[in-house]
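K.L.:
Questions regarding the structure given below will be posed in turn.
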Amino acid sequence: MLNYKIIILLFTLTLVTNYLDAQGVLNSKFDQRIKNLINFDIPVIGVDSVYSNIEKFVFVDTRERDEYEVSHIPNAHYSGYDDFDLSNLMHIDKDSEIVVYCSIGYRSEKIGKKLKKAGYKNVYNLYGSIFEWVNRGYPIVDTSNQRTRRLHTYNKIWSKWVDNPDILKIW
């Protein structure tokens, strides 16, 4: 009986560890910063989990227009934050699996709550958002849909969380 309990405990610990790894970010200080800023009001989803099933998700970029125009995740729909207008996203089916993102996850969580309130059923906040996306080497594109290395990092202070040396930080 004891062996059975140990096996269940180890299995549970493995599942929890895998879940946390999938939701975490590479930089532990960045991870702590995110955890201090978001409320987890919207379920989070890890960058690797999204990228491995990218075709099933609809991306919504909740940063400001100038940030989006420098670069964004391929095929992302612009929503904005300060100038958020739900009518810009009405073409997205309310049953779609939507991944909202911003720089780190704070603004996207707020927009995700608005989408849920508007009746969108499957809304996830990309944990670490576009900063973690590029830190893991996943592609970003410009307004011409061409791959780019340029990323708007909001400002100099926030740019420290982008530690991929291949990324050109703009603010």
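K.L.:
Quick one: in the range 100-133, of everything that is part of a loop (DSSP other than H, G, I, E, B) and among the hydroxyl-bearing types (Ser, Thr, Tyr), which residue is farthest from residue 31 (Cα to Cα)?
P.N.:
Ranking the qualifying residues of the range 100-133, first place goes to 120.
K.L.:
Now for a different question. Would you mention how many residues in the range 153-166 are in a loop (DSSP other than H, G, I, E, B) and not β-branched (Val, Ile, Thr)?
P.N.:
So the count comes out to 7.
K.L.:
Right, another one. So which of 101, 154, 120, 124 ends up being surrounded by 17 or more Cβ atoms within 10 Å (Cβ to Cβ), of a type in the set (Phe, Trp, Tyr) and more than 24 Å from residue 33 (Cβ to Cβ)?
P.N.:
The conditions single out 120.
K.L.:
While we're looking at this one, here's another question. Could you list, in sequence order, the residues of the range 127-143 that are under 30 Å from residue 94 (Cβ atoms) and either surrounded by fewer than 21 Cβ atoms within 10 Å (Cβ to Cβ) or basic (Lys, Arg) (or both)?
P.N.:
136, 138, 139, 140, 141, 142, 143
K.L.:
When the residues of the range 1-46 are narrowed to those that are assigned to a loop (DSSP other than H, G, I, E, B) and either in contact with a strand residue (DSSP E or B) (Cβ under 6 Å, 6 or more places away or on another chain) or at pLDDT below 55 (or both), which ends up farthest from residue 105 (Cα to Cα)?
P.N.:
Selected residue: 1.
K.L.:
Of the numbered conditions (1) without any contact (Cβ under 8 Å) to a residue 24 or more places away in the chain; (2) at negative phi, residue 98 fails exactly one; give the number of that condition.
P.N.:
Looking at each condition in turn, residue 98 falls short on (1).
K.L.:
Pull up the range 80-92, narrow it to residues that are assigned to a loop (DSSP other than H, G, I, E, B) and in contact with a Phe, Trp or Tyr (Cβ under 9 Å, 6 or more places away or on another chain), then point me to the one that is surrounded by the fewest Cβ atoms within 10 Å (Cβ to Cβ).
P.N.:
92
K.L.:
Only one of (1) assigned to a loop (DSSP other than H, G, I, E, B); (2) free of Cβ contacts under 8 Å to residues at least 40 places away in the same chain is not met by residue 169, so which one is it?
P.N.:
Failed condition: (1).
The values are calculated or read from the model by the stated rules, or taken from the named source; none is laboratory data. Since the model is a prediction, treat every value here as computed from it, not as a measurement. Because the Cβ atoms are built from the backbone with ideal geometry, glycine has one as well, and the counts that use them run over all protein chains shown.
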